[in-house]
Amino acid sequence: MAVASVIKAQPLVDQTLPINKNILVVGGGISGMTSALRLADQGFQVYLAEKSNELGGVAKNIFKTLEGDDVQPFIAGLISQVKEHEYIQVITGAIIVDHSGMPGMFKTGMQIGPQMFYRQINHGVTVLATGAIPNPTKEYALESCKAVRTQLETHKVIAKTPDTVKEWDNIVMIQCVGSRTADNPNCSRICCQTAIKNALAILEINPKARIFVLYRDMRTYGFQEEYYQKAREKGVIFVKYSQDTPPTVKPEGEQVEVTFTDAILGQKITVTADSLCLSTGLIADNDSSEELAMIFKLPRTADGYFLEDHVKLRPVDLPVPGFFVAGTAHSPKLIKESISQANAVAARAQTMLARDSINLGAAAARVDSKLCASCLICVRTCPFDVPFINADGYSEIDPAKCHGCGMCVSECPAKAIQLMQFEDDKILAQLEEIFEKVNA
Amino acid sequence: MENFEPVIIAFCCHYCAYTAADMAGSQRLPYPANVKIIRIPCSGKVDALHIIKAFENGADGVYVAGCLEGDCHFKNGNEKAARRITYVRNYLEEIGIESERLMMVTMSAGMGYRFAQTATEITEKIRKLGPSPIKIAIAQ
Ligand SMILES: Cc1cc2nc3c(=O)[nH]c(=O)nc-3n(C[C@H](O)[C@H](O)[C@H](O)COP(=O)(O)OP(=O)(O)OC[C@H]3O[C@@H](n4cnc5c(N)ncnc54)[C@H](O)[C@@H]3O)c2cc1C
């Protein structure tokens, strides 16, 4: 089939356009700041647009990683480097409102600050690093009982008020809260290691504490496995529950009663916990990502994350040339994974920025003036108003402006237009080939 | 025509259904081999001619898979495609081919599951309809 179409292929000329070497980074979390710094260090002008009033993103609420690294000094360092960099302009309170132009020369408009004053930025590369948000689920008496917290809140208690942790005798953690459910089938990826991180930190402060982790599947991928082992050695009790019979929770004054079925004992166990920690994970910020996807015309996954052009071949590229994605805007990730991806984006973007022109491929429509009847159908059909009737009285399509959709081709009654790379004879050759096999 | 295996042509838009097919692959979702995919840059590029040629050659079913409403990469190619499909369906009825054999479906690039499910459902639907009148005529 493919061969039949290649036989009909004609020599093509790539369209090249000059490239504007400015970069727009949307989102000022760890990923956005990392990409911005890498690119600015190479001497490119970066505009970093952040929706909120400060940089840092979700990681501002994380104090330590599983490996024990301090996150806050790292973020503070990133923020000051970004703010002081001569090639980075930080725009906080920025809401992206419009976008136009073509690859290599984009124009993005935003409304800034409480006055909503409008500003337009010209850029050739766009990095989307808009992150994800803590899952706002309210299961298991999270709102009504003080002893119930998310893992993020627990992490804060451990870091800020360790004396509270000394008073906890029994701690229960429930995994997969609001993740891997019918409403949100996605795995949040970070929760297994977060539970282990918090459990080990609790035992560090209060070695006598009894910790139960109620899980559906533990996935401490890579070297995280060592910490899982360590947690088991230190006596953390891991109990599997099934999605059909989740633990039940009953607030009891300052404490909370958690009842679950132990598969080995085959019976129900009730623990009166001083703290119940829910691994609520993260979800895509649907409002934000849906709006950006509409403005920039980018695809998203069913869960609302931005979808890369190809999982294996182009993992940080988006389908529009010059668009890249980094961090949790793409899928749930640990901080170090977000940083790796942000660095990958900077490297990919530089392969474009190192050149003076951008290569757009050859898929542009071409008019055969001998066949053209100047009926104006293409002029009316084109969603981008590219075809025009030239001085000779025939339709003409500027290949540099053509987006390559082929709508004029299918509408043209005289068949005077062909879309290069997708010519009619190539499509028909594929059809013929399929049926040659089938009908043989 | 015993052991009838329908042949179905799927014109898939590069920005949605074609990527969704990739997604179905990486999610290890099976779909019937009866569906033969032809990649196009936009569902609005599918010509009435291509559809008719597919039937003429013996296709039992044809579908055009474009982006979700409002999501077209080129503004409105999917709407244009839907209108054209309605037109060609009427034409098919006129020449004695069941219009159910031609369909327009929409999905987004992330919908690997929907791609596999659509391919399976359409194959089953066409299998029930039986071989297309043209295919029967070719066989005789
Ligand atoms: C609950 C939770 C717990 C976590 N625990 C851990 C952990 O223990 N260990 C670990 O390594 N990682 C953990 N992570 C993951 C870690 O937080 C992320 O990997 C990292 O913060 C991702 O950074 P980011 O820059 O990609 O996104 P974010 O930090 O989310 O930053 C995105 C930024 O973009 C901005 N933004 C959003 N929309 C727009 C818009 N439309 N326009 C402009 N700006 C916008 C946001 O305001 C934000 O500042 C956790 C995440 C969550 C949610």
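Can you find a residue in region A:40-52 that is within 16 Å of the ligand (Cβ to nearest atom), among the charged types (D, E, K, R), part of a loop (DSSP other than H, G, I, E, B) and under 19 Å from A:I121 (Cβ atoms)?
Yes - at least one qualifying residue is present in region A:40-52.
Checking A:L292, A:L265 one by one, the residue that is part of a loop (DSSP other than H, G, I, E, B), out of contact with any Cys (no Cβ under 9 Å at 6 or more places or on another chain), open to solvent by 10 Å² or more (accessible area, probe 1.4 Å) and of a type outside the set (K, R) is A:L265 and no other.
Could you please let me know if A:D217 is away from every other protein chain (no Cβ under 14 Å), in a loop (DSSP other than H, G, I, E, B), within 22 Å of A:S188 (Cβ to Cβ) and open to solvent by less than 50 Å² (accessible area, probe 1.4 Å)? It is true that A:D217 is away from every other protein chain (no Cβ under 14 Å), in a loop (DSSP other than H, G, I, E, B), within 22 Å of A:S188 (Cβ to Cβ) and open to solvent by less than 50 Å² (accessible area, probe 1.4 Å). Scanning region A:417-428 for residues that are of a type outside the set (G, A, S), within 28 Å of A:M1 (Cβ to Cβ), modelled with pLDDT of 95 or more and open to solvent by 40 Å² or more (accessible area, probe 1.4 Å) turns up at least one hit. Residues in region A:318-338 that are at pLDDT below 95 and either open to solvent by less than 10 Å² (accessible area, probe 1.4 Å) or within 17 Å of B:M111 (Cβ to Cβ) (or both): A:L318, A:P319, A:G322. For region B:51-70, check the following and say yes or no: at least one residue is polar (S, T, N, Q) and more than 7 Å from chain A (Cβ to nearest Cβ). Looking through region B:51-70, none of the residues is polar (S, T, N, Q) and more than 7 Å from chain A (Cβ to nearest Cβ). Looking at the structure I just gave you, is A:A293 within 14 Å of another protein chain (Cβ to nearest Cβ), under 27 Å from A:L152 (Cβ atoms) and out of contact with any Ser or Thr (no Cβ under 8 Å at 6 or more places or on another chain)? Criteria met by A:A293. Within region B:21-39, the presence of at least one residue that is within 9 Å of chain A (Cβ to nearest Cβ), open to solvent by less than 10 Å² (accessible area, probe 1.4 Å) and closer than 22 Å to A:R314 by Cα is confirmed.
In region A:279-295, what count of residues is obtained for those that are more than 14 Å from A:N184 (Cβ to Cβ) and of a type outside the set (A, V, I, L, M, F, W, C)?
Selection size over region A:279-295: 5.
Taking residues in region A:163-188 that are open to solvent by 90 Å² or more (accessible area, probe 1.4 Å), and partners anywhere that are assigned to a loop (DSSP other than H, G, I, E, B), the pairs with Cβ atoms closer than 7 Å and at least 6 places apart or on different chains are A:K166/A:N206; A:E167/A:D274; A:D169/A:A209; A:D169/A:D274. Comparison of A:G304, A:G406 shows that the only residue that is in contact with a strand residue (DSSP E or B) (Cβ under 8 Å, 6 or more places away or on another chain), within 30 Å of A:V58 (Cβ to Cβ) and not charged (D, E, K, R) is A:G304.
Tell me the strands (runs of 3 or more DSSP E) entirely within region A:56-143 that contain at least 2 residues that are away from the ligand (no atom under 12 Å from the Cβ) and open to solvent by less than 60 Å² (accessible area, probe 1.4 Å).
The qualifying strands (runs of 3 or more DSSP E) are A:94-102, A:105-112, A:117-123.
Take the conditions (1) assigned by TED's automatic domain parsing to the domain that holds A:E67; (2) within 16 Å of the ligand (Cβ to nearest atom); A:P299 misses just one of them, which is (2). Mind checking which pairs have a first residue in region A:64-82 that is outside the structural domain of A:E54 (by TED's automatic domain parsing) and a second that is exposed (fewer than 12 other Cβ atoms within 10 Å of the Cβ), Cβ under 6 Å, 6 or more apart or different chains? Note: no pairs meet the criteria.
From A:Q111, A:Q115, grab the single residue that is without any contact (Cβ under 8 Å) to a residue 12 or more places away in the chain and not assigned by TED's automatic domain parsing to the domain that holds A:L276.
A:Q115
Being at positive phi, over 15 Å from the mean Cα position of the chain (by Cα) and basic (K, R) is a condition met by no residue of region B:123-132.
The values are calculated or read from the model by the stated rules, or taken from the named source; none is laboratory data. Computed from a prediction, not measured in an experiment: that's the story for all the values here. Cβ atoms come from the backbone with ideal geometry, glycine included; neighbour counts cover every protein chain shown. Surface accessibility is based on the protein's heavy atoms, side chains included, excluding ligands, DNA and RNA. Shrake-Rupley method; radii C 1.70, N 1.55, O 1.52, S 1.80 Å.
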